[in-house]
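Please read the structure below before turning to the comments.
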């Protein structure tokens with residue numbers, strides 16, 4: 001084999017191997033218990049999916065518990081059945097009454113516990129998705145934290161309950177969380193009529209936006225004849241080429 005080609009193949013193989021190791025390391029570092037909300041709009045209902053990987057090299061995951069908030073409790077919680085796992089819904093008294101949609105709430109679901117049978121415990125390189133339907137979601141911009149506890153068959157327990165902070169490195173066992181968004185169909189905020197300065201600034205901003213738009217429309221209108229001329233020229237060119245081809249064909253005959 002050519003020496004240069006041999007070296008090139010060795011270099012390529014090393015590069016691929018390094019990339020694979022880096023990808024594996026990144027994947028392992030991000031293998032945490034996480035939650036995804038399909039519609040986090042405030043005031044509504046959403047489906048929550050908790051992805052739980054097995055991170056033990058020797059034991060299996062046999063139980064998962066998710067703790068729900070009590071300061072912004074959910075008035076509705078439903079659990080999606082999962083083959084091989086039994087679920088337990090725990091309801092508790094709230095630390096203090098909470099008003100939701102005009103109603104006072106004193107009790108709410110505080111946690112869900114999933115327990116696997118022997119055949120469905122999570123082994124190495126496996127994960128499971130646990131699903132809930134919950135509502136009503138709190139105000140927009142609220143971080144809903146849902147700590148999880150993972151129990152292994154060797155008796156070890158991992159608590160996913162550490163809160164992440166902006167500008168800080170991710171903790172070793174971050175708590176699953178999501179942030180609520182604006183309520184569906186909510187109208188954008190407008191300046192209060194009682195604030196003349198704000199209203200005047202808003203009106204000026206609107207006028208500034210309208211002026212460039214009008215200028216652009218005028219420019220596009222003035223350029224219309226130029227476009228027509230260009231198209232006419234292209235059509236003439238095509239006709240000329242066609243005539244030339246026909247002439248040469250006739251001459252050959």
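Between residue 39 and residue 124, take the C-beta separation as r, use R0 = 25 Å, and let me know the FRET efficiency to the nearest 0.05. For residue 39 and residue 124, the calculated efficiency is 0.15.
Going by neighbour counts of Cβ atoms within 10 Å, the residues 88, 96 line up, fewest first, as 96, 88.
Annotation: the residues 32, 120, sorted from fewest to most other C-beta atoms within 10 Å of their own C-beta, follow the order 120, 32. Could you tell me whether region 38-159 comes out rounded, prolate or oblate from its Cα gyration tensor? Rule is a ≥ b ≥ c as square roots of the eigenvalues, rounded for a/c under 1.5, then prolate if a/b exceeds b/c, otherwise oblate. It is prolate, given that a/c is not under 1.5 and a/b is the larger ratio. Stretched out straight at 0.36 nm per residue, the stretch from residue 80 to residue 159 would grow longer than its current Cα-Cα span by 26.2 nm. Going by neighbour counts of Cβ atoms within 10 Å, the residues 85, 160 line up, fewest first, as 85, 160.
All of the numbers you see were taken from the coordinates with simple rules; none came from a lab. Remember, it's a predicted structure, so these values are computed and weren't measured experimentally. Neighbour counts run over all protein chains shown; Cβ positions are idealised from the backbone, glycine included.
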